[in-house]
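The values are calculated or read from the model by the stated rules, or taken from the named source; none is laboratory data. Predicted model only: the values in this text are computed from it and were never measured. Cβ atoms come from the backbone with ideal geometry, glycine included; neighbour counts cover every protein chain shown.
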Amino acid sequence: MEEKEKPGSEAAEKGGKEPEVVLEARGIDVSFGKTQVLKDLSLDVYRGEILGFVGASGTGKSVLLRTILGLNKKQAGTIRVFGVDLDKASDAERMLIDMRLGVLFQHGALFSALTVKENIQIPMREYLDMPQKLMDELARLKVELVGLAPDAADKYPSELSGGMIKRAALARALSLDPDLVFLDEPTSGLDPIGAAEFDELVAKLRDTMGLTVYMVTHDLDSLFSACDRIAVLGNKKVLIEGTIEDMLASEEPWVKSYFRGKRARQLDLKARPKPGQPTSQQAENRV
Ligand SMILES: Nc1ncnc2c1ncn2[C@@H]1O[C@H](COP(=O)(O)OP(=O)(O)OP(=O)(O)O)[C@@H](O)[C@H]1O
Ligand SMILES: [Mg+2]
């Protein structure tokens, strides 16, 4: 059997063994009334990788995310997370799985009436019974982890810049030290340098915390530089899964126009380092 190496997986990098699948979706159908959004969709996410999930606006990227998280109903298919079929999981099993997942939603990243610290503590309050002092200390660590200044912890979202809000939302997604994080358009609205810094942060967290990252994005820079693999949503299913090289070689019309279109051609592949190897421009702009 022909086996393709799956970058981002430790096993693949060590040469040989099949990497661990942390998320497996098979045959997923999702409809809203008579409108079918996803049809027979299948997808694998491997441990330790940054998977970029891309597709035209309105094709169902957020719907799939919400379906995986159990926030939308599916009409068919199975979703296994950490090897557990979510439809068959008991409430206790489901809770243990939910505790291992972190989410940065596309809209409404933070609760506006709560400070950053209080936002980060929401998952702690939901799942754990901890003294306030310990939660404060943990929230402080998360604020530091995502590169925010300590005084950001007591600020309200309205007092933060767009980039700071994204970082604070990431801190909340990391609140319980998850194994798998879902990021829905985390760099939308950021300038290219802010977006590159966010990508770098995500890659650093993947490396240091052993995270697996599922990142919905339209950001070609992120797809080229931060993602180990890419999955493309189209015609209600995953059209193609693979490396950036696979995307560049694809003759599928949407994939071709997205990755080899005018916008993509403006990107100089060679000038874009992998996260952790900042360009001199990024280094100059880093605060
Ligand atoms: N709760 C819902 N009820 C009915 N239709 C919905 C619901 N949620 C999503 N849809 C529809 O599903 C389709 C896919 O929406 P989705 O938000 O997943 O798109 P997307 O790929 O994330 O787009 P974008 O890139 O713009 O964020 C859209 O046509 C949307 O109107
Ligand atoms: Mg969306």
(message) Cβ contacts < 8 Å: first residue without any contact (Cβ under 8 Å) to a residue 60 or more places away in the chain and surrounded by 14 or more Cβ atoms within 10 Å (Cβ to Cβ), restricted to the stretch 21-45; second residue hydrophobic (A, V, I, L, M, F, W, C) and outside any strand (DSSP E or B), any location; separation 6+ or different chain. Result?
(response) A25/L64; A25/I68; I28/L64; V30/V63; V30/L64
(message) With the structure loaded, tell me whether L183 is in contact with a Pro (Cβ under 9 Å, 6 or more places away or on another chain), outside any helix (DSSP H, G or I) and among the aliphatic types (A, V, I, L, M) or whether it fails that test.
(response) no
(request) At least 2 residues that are in contact with a Gly (Cβ under 8 Å, 6 or more places away or on another chain) in each: list the strands (runs of 3 or more DSSP E) lying fully within the stretch 13-107 that qualify. (result) 21-32, 35-46, 50-55, 76-81
(message) Among the residues of the stretch 175-185, what is the count of those that are buried (at least 21 other Cβ atoms within 10 Å of the Cβ) and away from ligand 2 (no atom under 12 Å from the Cβ)?
(response) 2
(request) Please go through the stretch 211-225 and pick out each residue that is modelled with pLDDT of 90 or more, more than 13 Å from ligand 1 (Cβ to nearest atom) and either surrounded by fewer than 18 Cβ atoms within 10 Å (Cβ to Cβ) or not in a strand (DSSP E or B) (or both). (result) L211
(message) Looking at the stretch 107-118 only, could you name the residues that are surrounded by 15 or more Cβ atoms within 10 Å (Cβ to Cβ) and either within 17 Å of the chain's Cα centre (by Cα) or acidic (D, E) (or both)?
(response) A109, L110, E118
(request) Taking the options G52, G48, name whichever one is touching a residue at least 40 places away in the same chain (Cβ under 8 Å), away from ligand 2 (no atom under 16 Å from the Cβ) and buried (at least 21 other Cβ atoms within 10 Å of the Cβ). (result) G48
